[in-house]
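Novice: Below are the structure tokens for one structure; questions will follow.
The values are calculated or read from the model by the stated rules, or taken from the named source; none is laboratory data. Just so we're clear, the structure is a prediction, and the values are computed from it rather than from any experiment. Every residue, glycine as well, gets a Cβ built from its backbone with ideal geometry; the counts of neighbours run over all protein chains shown.
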Amino acid sequence: MINTSLAKKINIICLVVAMISVLVLPLKKDIWYDESISILCSKGINNDSPAMLGNTATLSSTTIEQMNTAPNVYKATVLDNGNGFLFNIGLHWVSLLTGNSLSAYMLLSKLCSIAALIAFFVLCNLFFKDSLFTSLAVILLASDINFNGMSHEIRAYAMGTFFIVLAGVYFYKFMYENEKPLYLFLLGLFSVAAVLCHYFNLYVILVFLGYLLCVKKARLFSVKNLVAIMIPVMIVATYFYFSFAGFIYMSGQNKAIAQHVAISESFSIMHVIFHSMAIGAVNFRAVFPGFHENKLIVLLSFILIIGLYIAAYKSTSDKVQKRNLNLIFLLGTSGTAFLALLCFKSGHYMAMNYRYNSFCIPFACLFTTYALFVMFKNERINNLIKWGLFSVILFPSCILFFTFSMRDHIFKYNQVALAAQVAREKITKMEVPYWQDAFLIQSLLPRGYKIDYILNRLSPDFILYKKDTVEKVTVIRNNL
């Protein structure tokens, strides 16, 4: 048995290794449509910005840079769809300090993922009490393809994950350590911060709320606790009031998607069910559906997770452990269930996306580790079953991590390479087919770089005016 002091040291080493992997990976980075939206919003540029230019044919870099203000970032976020405000404003301030480059834009997500790992480390210690199983939980989270992918994606997922895990820490402290109004306030505050990063954090927050109402209902309605709850509620309500225009825009987008899907493909309830099971199984580290989403593989993987829950629950008579298993399992499955219901309601598959499950993944990894923690302490579980569980959950997840971490993103934009070429060759004039391209290229050039953009809708290419020649570059812009 490893002593507590040694376990603590090993846990810290695993945490540091996980943090380093977040900083180092990926070896190569491309951006896609959603990331370009985040970059533009952080520069104060919104969906209406091209229309506001009217019949303007020439645009200077100075004019674009004048849009880069915090009030414009808020307006851009609201007009985009109201989502990701804290990330967009954070990216605005960080890029002012670090400059306009792909690595600079990735830095905020990487820092948020590192912060999420630290918060997850604290949460694990609440459950494992400095056990070596904290290391296993951290490894499972850090090797998760989705968590790792979001750690360098220029979107709000990593920041949202950090805040929701931090909310989980104070949820635990209020529920099981001390009913301080401060803990309840911090739970509410970090939950609101998570929602202001991405609305889909809601499914984890609903589990927090449901548990509080079921277990602490009598305690919630004291004056101090009501004040602690109302302050975060008022903050998020105020934001939603001013973001109403963004909701209207997002509603229009969803209706357009639903109409397009209804025309292009038929909706299958069974497809939603199996895809949800596949996502759920991968979240809990039965990663075989990540290699091949065959229906039999999905079903067996999902049964494996349910079997792990049942085996762990039956292997302990400790009421605290049973309580923890139920709580973490609900948190880990919250995204799968909630997003499947959204698909049923909307009639299309847009919610069936691995990235939208990002916010329940830390809790799913914690559940798998906690179930093993409960079972490994029980002598009735033989070593063959123990190592079998490790082989079908931990080992494949690490293989998947290193396999997919080397892959390029399938949605490429060549504006990144083009901006590098413009700066390298000191080009001061270029033609673009759309103003959005000028905005994005300017966001990837060194701050203060002077260049004039000319709108030419008749050409599908970028046209670079060099000293003695003119070069055409085909636009790569996958708006998916």
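Novice: How many residues, within the stretch 259-305, are within 24 Å of residue 144 (Cβ to Cβ), of a type in the set (Gly, Ala, Ser), assigned to a helix (DSSP H, G or I) and modelled with pLDDT under 80?
Specialist: Counting residues in the stretch 259-305 that are within 24 Å of residue 144 (Cβ to Cβ), of a type in the set (Gly, Ala, Ser), assigned to a helix (DSSP H, G or I) and modelled with pLDDT under 80 gives 1.
Novice: On to the next question. Which residues, taken from the stretch 314-354, are touching a Leu at 6+ places or on another chain (Cβ under 9 Å) and without any contact (Cβ under 8 Å) to a residue 40 or more places away in the chain?
Specialist: Result: 351, 353.
Novice: Restricting attention to the stretch 128-144, does a residue exist that is crowded, with 24+ Cβ neighbours inside 10 Å, farther than 21 Å from residue 324 by Cα and at pLDDT below 90?
Specialist: Among the residues of the stretch 128-144, at least one is crowded, with 24+ Cβ neighbours inside 10 Å, farther than 21 Å from residue 324 by Cα and at pLDDT below 90, which makes the answer yes.
Novice: Residue 182 fails exactly one of the following numbered conditions: (1) modelled with pLDDT of 90 or more; (2) more than 30 Å from residue 25 (Cβ to Cβ); (3) touching a helix residue (DSSP H, G or I) at 6+ places or on another chain (Cβ under 6 Å). What is the number of that condition?
Specialist: Every condition holds for residue 182 apart from (3).
Novice: Exactly one condition in (1) more than 25 Å from residue 456 (Cα to Cα); (2) surrounded by fewer than 22 Cβ atoms within 10 Å (Cβ to Cβ) is not met by residue 60; state its number.
Specialist: (1)
Novice: If you check residue 80 against the conditions, is it among the acidic types (Asp, Glu), in contact (Cβ under 8 Å) with a residue 60 or more places away in the chain and more than 25 Å from residue 28 (Cβ to Cβ)?
Specialist: yes
Novice: Looking only at the stretch 49-69, how many residues end up being in contact with a helix residue (DSSP H, G or I) (Cβ under 6 Å, 6 or more places away or on another chain) and more than 13 Å from residue 453 (Cβ to Cβ)?
Specialist: 0
Novice: Still on this model: Looking at the stretch 451-472, which of the residues that are touching a residue at least 24 places away in the same chain (Cβ under 8 Å) and more than 20 Å from residue 40 (Cβ to Cβ) is surrounded by the most Cβ atoms within 10 Å (Cβ to Cβ)?
Specialist: The selected residue is 464.
Novice: Before we move on, is residue 393 under 30 Å from residue 140 (Cβ atoms), of a type in the set (Val, Ile, Thr), surrounded by 12 or more Cβ atoms within 10 Å (Cβ to Cβ) and at pLDDT 55 or above?
Specialist: Working: under 30 Å from residue 140 (Cβ atoms): yes; of a type in the set (Val, Ile, Thr): yes; surrounded by 12 or more Cβ atoms within 10 Å (Cβ to Cβ): yes; at pLDDT 55 or above: yes.
In short, yes.
Novice: From (1) part of a loop (DSSP other than H, G, I, E, B); (2) surrounded by 15 or more Cβ atoms within 10 Å (Cβ to Cβ); (3) at pLDDT 85 or above, pick out the condition that doesn't hold for residue 317.
Specialist: All conditions are met except number (2).
Novice: Please state which one of 175, 150, 159 is in the same structural domain as residue 205 (by TED's automatic domain parsing) and surrounded by fewer than 24 Cβ atoms within 10 Å (Cβ to Cβ).
Specialist: 175
Novice: Then there is this: Quick one: residue 7 ticks every box in (1) under 24 Å from residue 417 (Cβ atoms); (2) surrounded by 14 or more Cβ atoms within 10 Å (Cβ to Cβ); (3) in contact (Cβ under 8 Å) with a residue 24 or more places away in the chain bar one, so which box is it?
Specialist: All conditions are met except number (1).
Novice: Of the residues that make up the stretch 129-144, is at least one more than 30 Å from residue 450 (Cβ to Cβ), free of Cβ contacts under 8 Å to residues at least 12 places away in the same chain and either in the same structural domain as residue 280 (by TED's automatic domain parsing) or not β-branched (Val, Ile, Thr) (or both)?
Specialist: yes
Novice: From (1) under 22 Å from residue 416 (Cα atoms); (2) touching a residue at least 40 places away in the same chain (Cβ under 8 Å); (3) surrounded by fewer than 20 Cβ atoms within 10 Å (Cβ to Cβ), pick out the condition that doesn't hold for residue 92.
Specialist: (3)
Novice: When only residues in the stretch 108-127 that are touching a Ser or Thr at 6+ places or on another chain (Cβ under 7 Å) and either under 23 Å from residue 89 (Cβ atoms) or not assigned by TED's automatic domain parsing to the domain that holds residue 171 (or both) count, which is surrounded by the fewest Cβ atoms within 10 Å (Cβ to Cβ)?
Specialist: Restricting to residues being touching a Ser or Thr at 6+ places or on another chain (Cβ under 7 Å) and either under 23 Å from residue 89 (Cβ atoms) or not assigned by TED's automatic domain parsing to the domain that holds residue 171 (or both), the top hit is 110.
Novice: Next up: Could you tell me whether any residue of the stretch 154-168 is β-branched (Val, Ile, Thr) and farther than 24 Å from residue 220 by Cβ?
Specialist: yes
Novice: If we keep just the residues of the stretch 223-241 that are over 20 Å from residue 198 (Cβ atoms) and in contact (Cβ under 8 Å) with a residue 24 or more places away in the chain, which is surrounded by the most Cβ atoms within 10 Å (Cβ to Cβ)? Quick ask: steps written out before the conclusion?
Specialist: First, pick out the residues of the stretch 223-241 that are over 20 Å from residue 198 (Cβ atoms): 223-231, 234.
Remaining after also requiring in contact (Cβ under 8 Å) with a residue 24 or more places away in the chain: 224-225, 227-229, 231.
Working: 224: 13, 225: 20, 227: 12, 228: 22, 229: 19, 231: 13.
My answer is 228.
Novice: Select, from 113, 131, 135, the only residue that is farther than 14 Å from residue 373 by Cβ and of a type in the set (Ser, Thr, Tyr).
Specialist: 113
Novice: Can I ask one more? Any chance you could count how many residues in the stretch 74-95 are modelled with pLDDT under 90 and outside any loop (DSSP other than H, G, I, E, B)?
Specialist: Residues meeting the conditions: 8.
Novice: Now for a different question. How many residues are surrounded by 13 or more Cβ atoms within 10 Å (Cβ to Cβ) and over 26 Å from the mean Cα position of the chain (by Cα) when one looks only at the stretch 192-218?
Specialist: Within the stretch 192-218, residues that are surrounded by 13 or more Cβ atoms within 10 Å (Cβ to Cβ) and over 26 Å from the mean Cα position of the chain (by Cα) number 2.
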